[in-house]
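Engineer: Got a structure here, written out as C-alpha cells. Questions coming.
Just so it is clear, none of the values below were taken in a lab; they were calculated from the coordinates. Just so it is clear, the structure is predicted and the values come from calculations on it, not from any experiment. As a convention, Cβ positions derive from the backbone with ideal geometry for all residues, glycine included, and neighbour counts pool all protein chains shown.
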C-alpha cells in the first residue's frame, strides 16, 4: 500500500520581531578595566522567567492557537494534535487525521527550526485545525516552556501555539 506524502517547505525568512528585538537591544556596558564599578545589569529578554529546557524526548498535545488578531482556536480533541521531539533530531506530528515526520533543531534553546514535514494526505473533517497547522509549520521560529506548557511562536508576531505535556497514560508504550 502506498501512502501519499507531501512536504511542507521550511520558510527561510528571519522573524522580523526577533530581528527588531536584537537590533534594538542595548549592548552590554562594561566599566573600564580597573574600575570598582560593577557592570550594568543586562536587560532580560521577553519571557526571561520561563524555563529553558531541551525539547528532546518530549511529547505534547495542542491546547490552543492564539492569533495576532486575538482570535483563539481550540481543538475538538487535544490528543488529535500532537508533537513528539526525538532525541535524534526528528519530530513526529499528528495533525488530526494526518501524521508526519521531519527534523528539528534548536541551536540556542530559544530558536526553533523545523524542517520539511513528510505528511500523509487524508482529508480531515470540517472544523479540523489540520490546514492551519500545516500552513504555519514553516513559520515557527522560537519556543519557551512556561508553567509546564510549550509555547511555539510564529514569525512576525503571527501567533502562538500552546501545547501541554501528553499525559503518561496516553504515551505509546513498548510493543511486545
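Engineer: The stretch 113-132 to the stretch 65-92: how many Å between their Cα centroids?
Structural biologist: 11 Å
Engineer: Give me 80, 71, 64 sorted ascending by neighbouring Cβ count inside 10 Å, so fewest comes first. Walk me through the numbers on the way to the answer.
Structural biologist: Numbers: 80 18, 71 9, 64 15.
Arranged by neighbour count, lowest to highest, 80, 71, 64 become 71, 64, 80.
Engineer: Based on other C-beta atoms within 10 Å, arrange 65, 139 from fewest to most.
Structural biologist: Fewest-to-most Cβ neighbours within 10 Å comes out as 139, 65.
Engineer: Then there's this: Please compute the Cα-Cα pair-distance distribution of the stretch 97-176 with 5 Å bins starting at 0, giving whole percents from short to long.
Structural biologist: Going out from 0 Å in 5 Å bins, the stretch 97-176 shows 3, 12, 18, 22, 23, 15, 6, 2, 0, 0 percent.
Engineer: Please work out the Kirkwood hydrodynamic radius for the stretch 65-115, using every pair of different C-alpha atoms, and report it in angstroms with one decimal place.
Structural biologist: Details: mean 1/r = 0.0791 Å⁻¹.
Evaluated over the stretch 65-115, this radius sits at 12.6 Å.
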